[in-house]
1. Please state which one of D133, D187, D165, D121 is among the charged types (D, E, K, R) and more than 29 Å from the chain's Cα centre (by Cα).
2. Restricting to region 182-216, and then to whatever is among the polar types (S, T, N, Q) and within 17 Å of T234 (Cβ to Cβ), can you tell me which residue is surrounded by the most Cβ atoms within 10 Å (Cβ to Cβ)?
3. Here is a list of conditions, (1) assigned to a loop (DSSP other than H, G, I, E, B); (2) of a type outside the set (S, T, Y); (3) within 25 Å of K22 (Cβ to Cβ), and E226 meets all of them except one; can you say which number that is?
4. Check off (1) closer than 25 Å to R17 by Cβ; (2) without any contact (Cβ under 8 Å) to a residue 40 or more places away in the chain; (3) in a loop (DSSP other than H, G, I, E, B) for G188 and give me the number that stays unchecked.
5. Looking at V32, V58, V9, can you tell me which residue is touching an Asp or Glu at 6+ places or on another chain (Cβ under 8 Å), hydrophobic (A, V, I, L, M, F, W, C) and in a helix (DSSP H, G or I)?
6. Of everything in region 130-144, what is loosely packed, with under 13 Cβ neighbours inside 10 Å and either in contact (Cβ under 8 Å) with a residue 60 or more places away in the chain or within 26 Å of K49 (Cβ to Cβ) (or both)? Give them in sequence order.
7. Do the conditions hold for L94, that is, is it in the same structural domain as I74 (by TED's automatic domain parsing), aliphatic (A, V, I, L, M) and in contact (Cβ under 8 Å) with a residue 24 or more places away in the chain?
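The values are calculated or read from the model by the stated rules, or taken from the named source; none is laboratory data. Predicted, not measured: the structure shown is a model, and the values here were computed from it. Here the Cβ is made from the backbone with ideal geometry for all residues, glycine too, and neighbour counts use every protein chain on show.
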Amino acid sequence: MGPILNGLVKLQSVENRLRVVKSKLARARRKVIFLENQLRTLQSEMEAKQEEIKLTKVQTDRLELELKSRDEHIAKFRAALNLAKTNKEYSAILTELNTSKADNLKLENQVLDLMKNVDADEAACAQIQEQIDAEMAKLGDLRKGTETQAVEYQKEIDEIQVEWDAASRDIPADVLEVFNRVAETYDGEAIALADQQNERVQSFNCNGCFMGIPAEVVNKLMTKDEIIRCTNCTRILVLKASE
């Protein structure tokens, strides 16, 4: 290989190291984001429960107000029983009274059910709050640890970036542009080795996509110091034996 391909091979080595450390930094930050999302989910769940409790209490208050009004009607029916002048009138008032009492019993049961729901939701809120407190404590510790890691990773990234800049300095701008473009496509792996499959036959495969490399491309790799890309995956090819 000539200076251009040799330079790209060296640059690829630095690129790989740079990507590894950047990936570690990204993973560390993703852990924080993941925990933050979990915490937001719990907080949303808490808010939904609290809103449900609020609405249930409003409904309970409305039913209790209705019960109070019905109790007043029942008291009037009872008073009317004592004033009934005929059996027919007494029977009619008694029927109304019993009907109102039955309706009141239904309302009382509804109120009791609603109050049970409130108690259950408040208990659930207490449990969710415990989870929130635990997750917040965990998040605080994770953030501190991540900040320390991030400083170390960033320092390492900066050091490797200096190496990358030095390794890329003598590479022509157009070649470097192709390298960077292919590297972005394949998560940093811009270069692929041309592997000889059979020593007795000039048969080579790209180790990036494992597809065969045409003979004319192999001949160029052996004689030219320029970018030659795999016709299938478009990675930059270099001969394995020349590395």
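1. Just one listed residue meets the conditions, D165.
2. Only one residue tops the list, namely N205.
3. Answer for E226: the failing condition is (3).
4. (2) is the only condition that G188 fails.
5. Only one candidate passes the filter, namely V9.
6. E130, D133, A134, A137, G140
7. Values: in the same structural domain as I74 (by TED's automatic domain parsing): yes; aliphatic (A, V, I, L, M): yes; in contact (Cβ under 8 Å) with a residue 24 or more places away in the chain: no.
Spelling it out, it is not the case that L94 is in the same structural domain as I74 (by TED's automatic domain parsing), aliphatic (A, V, I, L, M) and in contact (Cβ under 8 Å) with a residue 24 or more places away in the chain.
The rows are residues; the columns are (1) outside any helix (DSSP H, G or I); (2) in contact with a strand residue (DSSP E or B) (Cβ under 9 Å, 6 or more places away or on another chain); (3) surrounded by 15 or more Cβ atoms within 10 Å (Cβ to Cβ).
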site: L5; (1), (2), (3): no, yes, yes
site: S23; (1), (2), (3): no, no, no
site: I53; (1), (2), (3): no, no, yes
site: L67; (1), (2), (3): no, no, yes
site: R70; (1), (2), (3): no, no, yes
site: A75; (1), (2), (3): no, no, no
site: K106; (1), (2), (3): no, no, no
